[in-house]
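The values are calculated or read from the model by the stated rules, or taken from the named source; none is laboratory data. Bear in mind the structure is a predicted one, so any value in this text is a computation, not a measurement. All accessible areas refer to the heavy atoms of the entire protein, side chains included, with ligands and DNA or RNA removed. Shrake-Rupley method; radii C 1.70, N 1.55, O 1.52, S 1.80 Å.
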Amino acid sequence: MKPKDNDWKQRLGLVYSTNPDVVYETNEEPEAETLPPHRQKLRVRIDRRNRGGKTVTLVTGFQGSEADLKELGKQLKAQCGVGGSAKDGEILIQGDFKTRVTELLIKAGYSQTK
């Protein structure tokens, strides 16, 4: 095993092995591969429910890794000049920015935005 692969937290169920080539298998699923922008089917909509009367712009339908989702959310928040969050395949932008977000996504190559 390589030193950086020898993480004791990952081997909590393994007591002892004399095999120098032992590979500890976990039940974790590999993270989804991010589809290219032209294959993403994103939906942009306005939401007011359960938000204390505040309006937010939701971008749903992102297929890919959590890191890529957060990067896209960061770009959209910066270009709109507002806050928000990105988690669980959803980007939340504070405020009513549906047309602006749609334009930015089309400019970035997400041609199938609705």
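Pull out the extension gain between Ala67 and Arg43, defined as 0.36 nm times the separation in residues minus the alpha carbon to alpha carbon distance; nm, one decimal.
Full extension of this stretch gives 6.7 nm more.
Please list, ordered by chain and number, the residues whose modelled amide H lies under 5 Å from the amide H of Phe97; skip anything fewer than 5 residues away on the same chain.
Those qualifying (amide H under 5 Å, at least 5 residues apart or on another chain) are Thr57.
Normalised radius of gyration for segment 49-96, please: alpha carbon Rg relative to 2.2 N^0.38 Å, two decimal places.
Scaled against compact globular proteins, the figure is 1.10.
Sort Asp47, Asp68 by heavy-atom solvent-accessible area, probe 1.4 angstrom, most to least.
I get Asp68, Asp47, largest accessible area first.
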